[in-house]
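Have a look at the structure below, then the notes.
The values are calculated or read from the model by the stated rules, or taken from the named source; none is laboratory data. Predicted, not measured: the structure shown is a model, and the values here were computed from it. Cβ coordinates were reconstructed from backbone atoms using ideal geometry, including for glycine residues, and neighbour counts include every protein chain displayed.
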Amino acid sequence: MIAIVLTTKVHPHYSYPMTQPVLRFAPSPNGELHLGHAYSALLNQQMANDAGGKLLLRIEDIDLERCNPGLEAQMLNDLEWLGIEWDGVPRWQSEHLDAYQDALDTLEAEGLVYPSISSRGEVRHRISALEESGKTWPRDPDGVPHYPGEERLYTAEERAALKREAGKYSLRLDMAKALGRYTKPLEWYESGAGPKAETGKIPAHPAIWGDVLLGRKDVPTSYHLACVLDDALQGVSLIVRGQDLFHATSIHRLLQEVLGLPAPVYHHHRLILDDDGQKLAKSRKDTSLRQLRDAGLQPDDIKRMVGWEA
């Protein structure tokens, strides 16, 4: 059973006016929606309705290789079938690349990002060899090795030359330099379940992610950067999303600070797991809403499957 209580005055230091909370559901059209997406969409809608707020729909389609119009149309149809309604028109991230580029340019001008050329596979190979020799190397919460960051030490001229000459490159946050700007700890307000201070505060630890990728030569953004900017530009005041993104909030709080953006309240909800206790994933092609629909199931059946009781 799900019992959600949301007040319009979650915390006294909240950055947004709380008279009408703004929430968002932000799926990616790079695969079919599954039961986990259904649960998150239902929860976002219920919390928005209970608080007299707005629910926005954002299409996170910056992955130009995997996202396509067919999957997007199917996703929108599945959400409508499930009974999800949103306020206003959707926001497509692919239509706002200029905004992300502007943010990257700002960070680069302040010396907070640097170009890098080693691929994830190359880094993984290097670090695996190092670890096999008995040495240790930090990894992020997803198990990915931190980027070594040799390019971090390049001069401005060397960085410019790398960008001119490299066929491909990424732009990464200089984590140490970004964190060096603050004398007090970063934190966020959490209204979801889990351990936190009586004030609802959670300490943020962005350093556990290392020098995260913020953009590429061909696409001037990453999930982290686009997510943070869109939340601010859309006036999102309460972010309701799965526990799998709990640790990513540390990065989002740091980006909000360096870009001068307000900080929303976060509510991380439980995940829908498969029979092996793993979270559902598009990449594994877990049973989708479309497959369940084709098998004759109705929206009420989906709600029962995710343990939903409104």
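Assorted remarks:
- For the stretch 85-100, the set of residues classified as under 24 Å from residue 300 (Cβ atoms) and out of contact with any strand residue (DSSP E or B) (no Cβ under 7 Å at 6 or more places or on another chain) consists of 85 only.
- Hits in the stretch 104-119 (condition: touching a Leu at 6+ places or on another chain (Cβ under 9 Å) and assigned to a helix (DSSP H, G or I)): 104, 106, 107, 108
- Residues satisfying the stated conditions in the stretch 111-140, i.e. in contact (Cβ under 8 Å) with a residue 60 or more places away in the chain and exposed (fewer than 14 other Cβ atoms within 10 Å of the Cβ): 111, 138
- The stretch 66-95 residues that are on the phi > 0 side of the Ramachandran plot, paired with ones that are among the charged types (D, E, K, R) (beta carbon under 9 Å, 6 or more apart): 88/54
- Selection of the stretch 37-71 for residues being of a type in the set (Asp, Glu) and farther than 14 Å from residue 27 by Cα yields 50, 65.
- Scope the stretch 221-253; condition closer than 19 Å to residue 112 by Cα and outside any helix (DSSP H, G or I); matching residues: 221, 222
- Screening residue 230 with (1) within 25 Å of residue 36 (Cα to Cα); (2) touching a Leu at 6+ places or on another chain (Cβ under 9 Å); (3) at pLDDT 95 or above gives one miss only, at (2).
- Breaking point among (1) assigned to a helix (DSSP H, G or I); (2) over 22 Å from the mean Cα position of the chain (by Cα); (3) exposed (fewer than 11 other Cβ atoms within 10 Å of the Cβ), for residue 152: (3)
- For the stretch 84-103, taking the residues that are assigned to a helix (DSSP H, G or I) and farther than 14 Å from residue 233 by Cα, the one that is farthest from the chain's Cα centre (by Cα) is identified as 101.
- Restricting 228, 144, 219 to those that are surrounded by 21 or more Cβ atoms within 10 Å (Cβ to Cβ) and under 27 Å from residue 94 (Cα atoms) reduces the list to 228.
- Subset of the stretch 27-85 (residues that are more than 20 Å from residue 100 (Cα to Cα) and polar (S, T, N, Q)): 30, 40, 44, 45, 46, 49, 68, 74, 77
- The residue that is nearest to residue 163 (Cα to Cα), counting only those in the stretch 100-109 that are touching a residue at least 60 places away in the same chain (Cβ under 8 Å) and surrounded by fewer than 17 Cβ atoms within 10 Å (Cβ to Cβ), is 101.
- Pairs where the first residue, in the stretch 155-179, is at pLDDT below 95 and the second is of a type in the set (Asp, Glu) and outside any helix (DSSP H, G or I), C-beta under 7 Å, 6+ apart: none
- Qualifying positions in the stretch 233-248 - surrounded by fewer than 21 Cβ atoms within 10 Å (Cβ to Cβ) and either in contact with a strand residue (DSSP E or B) (Cβ under 9 Å, 6 or more places away or on another chain) or hydrophobic (A, V, I, L, M, F, W, C) (or both): 233, 234, 235, 242, 243, 244, 245, 246, 248
- Taken together, 66, 126 contain a single residue that is modelled with pLDDT under 95 and part of a helix (DSSP H, G or I), which is 126.
- Residue 28 being modelled with pLDDT of 90 or more and in a helix (DSSP H, G or I): no
- The set of residues in the stretch 164-212 that are surrounded by fewer than 17 Cβ atoms within 10 Å (Cβ to Cβ) and among the basic types (Lys, Arg) comprises 164, 168, 177, 181, 184, 196, 201.
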